[in-house]
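Contents: one structure, followed by commentary.
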Amino acid sequence: MAVLQIYDQLLQFPLFQGMSRDDLEIVAGHTRFGFSKLSSGKKIVVDGEPCTQLYFLINGSVTVETFAEDHRFSVVERMSAPFILQQEAIFGYHQCYTHTYTSLTKVNMLTIDKEEVLRLLEEFLIFRLNMVNLFATQTQKLFRRAWQRSPQSLRERAFRFFLEHSTYPAGHKTFYILMGQLAEELNDSRLNVSRLLKELEQEELVESHRGRVEIPQLERLIM
């Protein structure tokens, strides 16, 4: 890929925003990038796999699958380019992916190895500040979540459950969960949860199936 093309691609991502044209040209011309094209249905990274590089989704869409610790339920989300696959996993105590990413459409990926990321952090202040800001924002959101008002009704508890088990608070979500398990997670009876899902279906907020709850637009639940 030509330097000019790489330059244009990098501008899509928050890690490179605010960098001067000269700095971006240096990054584009002197950084070892990897490039790949995948057809739909191909695994990109798998939950538990070590994070040794950053994956940048240049175009196309992917699914993000996350499992509960006991694997009794899972959530599948859809994300579209431009998107960085779990950049926080490259540092910290647990440097492994906690989601499985699969191409939903044909996708183009750009990758940067960890040693190149470390070099960029050392050489470019804006890149370093952008990385710190991304991590700080994630931390602040998690801290605020713990101090939010506790849900007062089953409906509110359900909405909080769907939101807290999503990596992004908008878009299409599929929860693969049995009714009994969902009732247990919401600390209520199976009958009451079934009634709630029927109400939400009538409001066109969810689509309930056997062992699966589809949420077309999560943002409509939390408006």
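The values are calculated or read from the model by the stated rules, or taken from the named source; none is laboratory data. A quick note: this is a predicted structure, and the numbers were derived from the prediction, not measured. Cβ: placed from backbone, ideal geometry, glycine included. Neighbour counts: every protein chain shown. Side chains included, ligands, DNA and RNA excluded: accessible areas come from the protein's heavy atoms. Shrake-Rupley method; radii C 1.70, N 1.55, O 1.52, S 1.80 Å.
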Per-residue ellipticity at 222 nm attributable to helices in the chain (runs of n ≥ 4 DSSP H, -39500 (n - 2.57) apiece, nearest 500 deg cm²/dmol) works out to -11500 deg cm²/dmol
Projected onto the charge dipole of the chain (unit charges on the beta-carbon of Lys, Arg, Asp and Glu, signs +1, +1, -1, -1), the Cα from 87, 11, 193 with the largest positive-side position is that of 193
Ordered by number, the chymotrypsin sites (Phe, Trp or Tyr not before Pro) in segment 82-146 that occupy a DSSP loop and have at most 15 other Cβ atoms within 10 Å are 91, 93
Quick calc, segment 1-66, dipole around Cα centre from Cβ unit charges on Lys, Arg (+) and Asp, Glu (-), nearest 20 debye, gives 240
In segment 129-207, the trypsin sites (Lys or Arg not before Pro) that sit in a DSSP loop and have at most 11 other Cβ atoms within 10 Å of their own Cβ are 149
For segment 25-163, the charge dipole (Cβ of Lys, Arg +1; Cβ of Asp, Glu -1; about the Cα centre) points to a positive end, and the Cα of 75, 150, 50 closest to that extreme belongs to 150
Counting only protein heavy atoms with a 1.4 Å probe and every protein chain in place, the carbon and sulfur fraction of the accessible surface of segment 1-147 in whole percent equals 54
Straight-line reach check, residue 37, cutoff 17 Å on alpha carbons, 8 or more apart in-chain or any other chain, hits among lysines -> 106
Quick numbers on segment 1-62, Rg and Dmax over C-alpha atoms in Å, give 13.5, 38
Looking only at lysines whose Cα falls under 19 Å of residue 173's and that sit 8 or more positions away or on another chain, we get 43, 198
Computed over the chain, protein heavy atoms only, probe 1.4 angstrom, the accessible area per residue in square angstrom equals 57
The convex hull of the Cα atoms of segment 64-164, divided by residue count, gives a volume in Å³ per residue of 148
Magnitude of the Cβ-charge dipole (Lys and Arg +1, Asp and Glu -1) of segment 68-223 about the Cα centre, nearest 20 debye, reported as 320
Note to self: C-alpha centroids of segment 14-34 and segment 139-184 sit apart, in Å, by 37
Short to long, in 5 Å steps from zero, the percent of alpha-carbon pairs of segment 154-210 per bin is 4, 19, 31, 31, 13, 2
Among GluC sites (Glu not before Pro) in segment 19-116, those in a DSSP loop whose Cβ has at most 14 other Cβ atoms within 10 Å are 69
As a Kirkwood estimate from alpha-carbon pairs, segment 122-223 has a hydrodynamic radius in angstrom of 15.4
Dividing the alpha-carbon radius of gyration of the chain by 2.2 N^0.38 Å, where N counts its residues, gives 1.15
Taking only the alpha-carbon atoms of segment 115-176, the convex hull volume per residue, in cubic angstrom, is 128
